[in-house]
Amino acid sequence: MTTKSEEVQDLSVFERVGQFLTFVNPSIHHPGRVVQARVAHLFIIIMAIAIFGIDLVSGYTKTYLEQPNLFVQFPSLKVIYSGWGVLLGCWLLCRAGKVRTAVVIMVLTFQVVELFILRLFHSPFEGYQQLFPWQVLLIAICAFLIHPFAGFFIIPSTIFCLWVPLFVVESTTGDLSGSPYFDRLMNDFAIQMVVAGVCFLIARNMMSAFDRLAHANEWLEKEVRIRTKDLRTAKEKAEGADRAKSEFLANMSHEIRTPMTSILGYSQLLRDNNLAKTDREAFVETIHKNSEHLLGLINEILDISKIESGKFVLQKEHCLTRKFFDDVISLMKASAQEKHLSLDISFKSDLPKLIYTDTLRLRQALLNLIGNAIKFTNEGGVKVEVELHELKERWKLTVVVSDSGIGIPADMLEAVFKPFSQADSSFTRRHGGTGLGLTITLRIAEAMGGRMEVQSGEGKGSQFMFQVYVDKVESVKVRPASDIHLLEGGKFEGRIDAKILLAEDGADNQRLLTHILEHAGANVDVAENGLQVLKKLSGNSYDMVLMDVQMPVMDGLQAAKEIRKNKNPIPIIAVTAYAMQRDEGMCLKAGCDDFISKPIDAHILLRKVAKWKKAGRSQHVSV
């Protein structure tokens, strides 16, 4: 990239002189004013040449100028030096950006000089003939460099500076009778009027065009500034997001490797046949706890993926209100007790027996808030306050979670709700997590028509307010109480008397699912792909099919479609490692009746199997 000094060095001497003489002040941005400035510099050069010519002429005619006649009484040195001084001043004014002022001074000076120039000629009319073209040039100069209408002011100036001296001199000689110059002067007057009018029109249109160009340039520069600012802002946001995601990936690497280390390490220890029973049980419990933690990390990533892709959909169901909150507190009691913290819940209003909402997402939001409060609190406790305010067609649910923990700095209060952000993302932070929990909780609140607020101070604890709207049960059809109990969480107890066809190509998963189902009392037959499922269904009777989605030869979705084509009413439960909302929709659209994602929770699986055993037939096939 060449610098400005290098560009100047590449110019020739004449180009440098021209650049110096036609310098335009950087404060002039209007394209019309730039043109005026360059023309003014050119006019100054022309004036300089003219004055230099006058100096030459005055030197050659010195003896002639000393004659006592009025025409030859010309103080040449004074006029020439004055002209040079005025010219230098006008040139400096042009360089300072005062172009119009410089041109006005030059025009006025030239008009005065004309009175003296007339004396250089043998007769006033000869002088007038020589100076008249300059008057026409001045009309154009004034119109283009001062104002479009300024050219008309040169006409009275011509009359005063040229015509009056002409008639005064002629009157002294007695040659004015009959006005021999009258016709010529009238023709010249008409020429000046025409030139002034033409210059007026051209200059006005030209300046109008320059104004439009200036406005266009100004608009373009403004748009460029706005776009540049937007691009800079977008770049800063993108860089910030990139940094946040990089930090998130670094944190996730730590969060994933930590439980994986425990899972792999304790799994290796379990191979020791001489391991004590108590140690074996402790190792199994550690593996299970770390596996659940790892699954929670994966679920958070999937949830934020749903949110960012616009696939976050609420699935409402009935909920026993008091039992719901009791279960939430029960789930978090152990975590609080491990840190010797108190965990209390209080109800600020009466609770309806049932509410209609997405219990899974509501439970997830409250577990996130209470879990965060416990995680960032080292002593004291966590307090949960619940209030339901009855509206016309729904309830306004407000849950306030307060803790006595480390608090959040004031400048980080907004950042805690941003994806991949935490109040402390450094490597030395003492608390784990993905930085997605509060983002997901906020999105859940917004999806339920509510909001979240936080009040906190560093070292003063935090208070999170979670407010959403839930529907009244009276406005929807109530599900039978047995179904409500069936869908509630907890350990499944009971036996399942059913013959189940398990479609699964993985040997490990075949053994796992077969063990779970047979332990609950079911009879299990295994197929390794969709084609085997169709063959087994054609010659055997089953109560339901557990269908893995991704299998060789024929996948589970294609097999489900073929089953429905044959009008077979057998219930089909899709079992898949895919866990997105759209994947569940694809399964249901293919003909499956229910959906369960891997890794399999044995109790959820058994509850779903019991549900469809009771239903007896698919919802996709009419009687």
In what order, largest first, do Glu218, Glu387, Glu223, Glu504 sit by accessible area if the probe radius is 1.4 Å?
Glu218, Glu387, Glu223, Glu504
Lys535 accessible area, 1.4 Å probe, all protein chains in place, Å² to nearest 10
130 Å²
As a test question: what accessible area, to the nearest 10 Å², does Lys348 have when a 1.4 Å probe is rolled over all protein chains in place?
120 Å²
Using a Förster distance of 35 angstrom, determine the FRET efficiency expected from the C-beta separation of Arg225 and Leu201, and round it to 0.05.
0.45
Count of Lys pairs (Cα-Cα under 22 Å; at least 8 positions apart or interchain) in region 277-394:
20
Return the lysines within reach of Lys235: Cα separation strictly under 18 angstrom, same-chain partners fewer than 8 residues apart disregarded; answer none if there are no such residues.
Lys245, Lys418
Calculate, in nm to one decimal, what Arg451 and Gln130 gain on full extension: separation in residues at 0.36 nm each, minus their alpha carbon distance.
106.7 nm
Would you list, by chain and number, the lysines whose Cα falls below 19 Å from the Cα of Lys567, excluding same-chain residues fewer than 8 positions away?
Lys535, Lys536, Lys589, Lys613
Considering only protein heavy atoms, what is the solvent-accessible area of Ser538 at a probe of 1.4 Å, reported in Å² to the nearest 10?
100 Å²
Please arrange Asp497, Asp471 by accessible surface area, largest first, computed with a 1.4 Å probe and ligands excluded.
Asp497, Asp471
Largest first, what is the accessible-area ranking of Leu42, Leu501, Leu270 with a 1.4 Å probe?
Leu42, Leu270, Leu501
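The values are calculated or read from the model by the stated rules, or taken from the named source; none is laboratory data. Since we're looking at a predicted model, the values are computed, not measured. Counting neighbours? That spans all protein chains shown, and the Cβs are built from the backbone with ideal geometry, glycine included. In case anyone asks, the SASA skips ligands and DNA or RNA and just uses the protein heavy atoms, side chains included. Shrake-Rupley method; radii C 1.70, N 1.55, O 1.52, S 1.80 Å.
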